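Chemist: Here you go, one structure.
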Amino acid sequence: MPPLFNRRPEIGLPSSLPPVALPLAELLARVRQTLTERFAESYWVVAEIADLTPPRFDGAHCYLVLTDQHTTGRGAQLKAQARATIWSQRYQQLAPVFLEQTGQELRIGMKVMLRVQIKFHEQYGLSLDVVAIDPTYTVGDLARQRLETVRKLEAQDLLERQKRLPLAIGPQRIAVISSPTAAGFQDFMQQLSESTYDFSVALFPAVMQGAEAPGSIRAALDQIRPQRHTFDVVVLIRGGGAKTDLLAFDDYGLAAAVGSFPLPVLTGIGHERDEAVTDLTAHLALKTPTAVAAFLTERLARLDAVFAGYALRIRELASDQLQDAAAHLRRLTLNTREAAQDKLAFHRNALHQQLRQATEVPHAHLRRQQQQLASQRRALRRAVQRALRRQQGQLRTLGKLLARRFRHLHRRRREQLLRYRYQVQLAATRQLHLAELRLARATAYRLAPDDTSTASAPIRLLDTNNQALNTTHKLRAGDHVRLQLADEAILLARITARLSPPDDANTPPL
């Protein structure tokens, strides 16, 4: 086999052998052989999971991208990266143990200690086969992160701020942050409904597990903040679940949001033995949602008991004061009765004396009043008679004036009526005359002046005695005549005008 390092000879120097070029496959094969011989054993490495592809079905493998970033002595950032594989059979052995001891599954961003074997393939390059995982390293790293979070919160006074907030004496207006389908929320509501007190509960839904839980819970707190005056307390609850779900409540952002919230926050995350960082920043941490509901109910029960004690004490004090007041009232009643009897006896004696004195004075006064009344009655009778006579005289005078006035008005009215009747008759006569003229014009006939007796004339002119008129020269406008038609019918008519003889003698009369 030719040497791995085969460099071309320098210019000007004689070479004993010509350079030999290696195929890429042979070069990579030598690299694989060298790595296999040099790194035959497995090694423990510490790295951070930069990417993770978990098995999607039974029998599938788990693929990771491991990174390690650190600062060199000169201050430069050095980053190493390698692909790793956990074969399916080994993953089925390692994953449950890791979950049981750390409380969480492998995830991106987690620091782990792995025992790996170096593998090199001519086609796929360098990779690491994971043969073991040390859960204790991850547990220690999580504990370190948790301790750093707690110290950071303590430096910002967020561990005690919530505890200094006053909790309402009887918190009944509750803002609940939970999943609406969580069993813990249902248990919480069931516990409240079984109590004898009335609670007003408003649910603000949030994701309670997984990587999205901290952001979702903070969003729910942001929704409550503008309406904080309508609530007494905020309750953060979740029901049971895996231990890995508790890691979301160790998030610094969530713990800081709870610690700086202006309302008291009660937590019931659902783990009996573990305490999350959020529990440390809350006003009060209880183990389960049912315990939170019991705490609220018991607080109202204690308040109810205090009020009942106050009511009993007030009743006792009121009873004592009522008894003292009743005794004082009895004493006052007795004293008042005695004083009233003395006053009554004194006034009775004074009244008897005044009655005796008053029996003489009224009789004399009554006699004087009767005399004055008789004198006034006589004067009143005379005054009435005088007034009656005066009124009678005035009435007679007024009657005469009214009679004269009536006759005058009657006369004037009669004259007016006569004038009106004359005017009406004159107008009627005038209208009748005009109507007759119009009628005459409408029915006028033209007659020949000297041809009234001709047998061939269609109309004959008669006088009022039904005698034929031989001539019309004596007729004037306004004279009444009679017209005999061809059928012997007679019509009454009046002369309205005379016509001059026509120039043409042959013109027939109308």
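Chemist: Output the qualifying pairs, or none if there are none: Cβ atoms under 6 angstrom, residues six or more apart or on different chains, first residue in the stretch 186-207 and in the same structural domain as ILE269 (by TED's automatic domain parsing) and assigned to a helix (DSSP H, G or I), second residue among the aliphatic types (A, V, I, L, M) and crowded, with 17+ Cβ neighbours inside 10 Å.
Modeler: Every condition considered, the pairs that remain are PHE188/ILE237; PHE188/ALA293; GLN191/ALA293; LEU192/ALA293.
Chemist: Here's a follow-up. Among the candidates ASP479, ASP450, ASP504, which residue alone is outside the structural domain of LEU437 (by TED's automatic domain parsing) and at pLDDT 75 or above?
Modeler: ASP479
Chemist: Could you run through the stretch 79-114 and say how many residues are of a type outside the set (Asp, Glu) and assigned to a loop (DSSP other than H, G, I, E, B)?
Modeler: 8
Chemist: Related question: Return the total of residues in the stretch 205-231 being farther than 14 Å from PHE249 by Cβ and buried (at least 20 other Cβ atoms within 10 Å of the Cβ).
Modeler: We begin by selecting, within the stretch 205-231, every residue farther than 14 Å from PHE249 by Cβ; these are 205, 219, 222-231.
From the residues that got through so far, the ones that are buried (at least 20 other Cβ atoms within 10 Å of the Cβ) too are 224, 231.
Matching residues across the stretch 205-231 total 2.
Chemist: Starting from residues that are at pLDDT below 80 and surrounded by fewer than 13 Cβ atoms within 10 Å (Cβ to Cβ), keep the ones in the stretch 90-147 and report whichever is nearest to ALA50 (Cα to Cα).
Modeler: Result: GLY109.
Chemist: Quick one: would you say ARG494 is among the charged types (D, E, K, R), over 60 Å from the mean Cα position of the chain (by Cα), surrounded by 10 or more Cβ atoms within 10 Å (Cβ to Cβ) and modelled with pLDDT of 70 or more?
Modeler: Answer is yes for this residue.
Chemist: Is it true that GLN357 is exposed (fewer than 10 other Cβ atoms within 10 Å of the Cβ) and either within 60 Å of the chain's Cα centre (by Cα) or not in a loop (DSSP other than H, G, I, E, B) (or both)?
Modeler: Yes; evaluated as a whole, the condition is true for this residue.
Residue-wise test of (1) more than 30 Å from GLN484 (Cα to Cα); (2) among the aliphatic types (A, V, I, L, M).
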{"site": "GLN369", "(1), (2)": "yes, no"}
{"site": "LEU373", "(1), (2)": "yes, yes"}
{"site": "GLN376", "(1), (2)": "yes, no"}
{"site": "ARG381", "(1), (2)": "yes, no"}
{"site": "GLY399", "(1), (2)": "yes, no"}
{"site": "ARG411", "(1), (2)": "yes, no"}
{"site": "ARG421", "(1), (2)": "yes, no"}
{"site": "GLN431", "(1), (2)": "no, no"}
{"site": "LEU437", "(1), (2)": "no, yes"}
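The values are calculated or read from the model by the stated rules, or taken from the named source; none is laboratory data. Quick caveat: nothing in here was measured; it's all calculated off a predicted structure. Here Cβ is always computed from backbone atoms with ideal geometry, including for glycine, and neighbour counts include all displayed protein chains.
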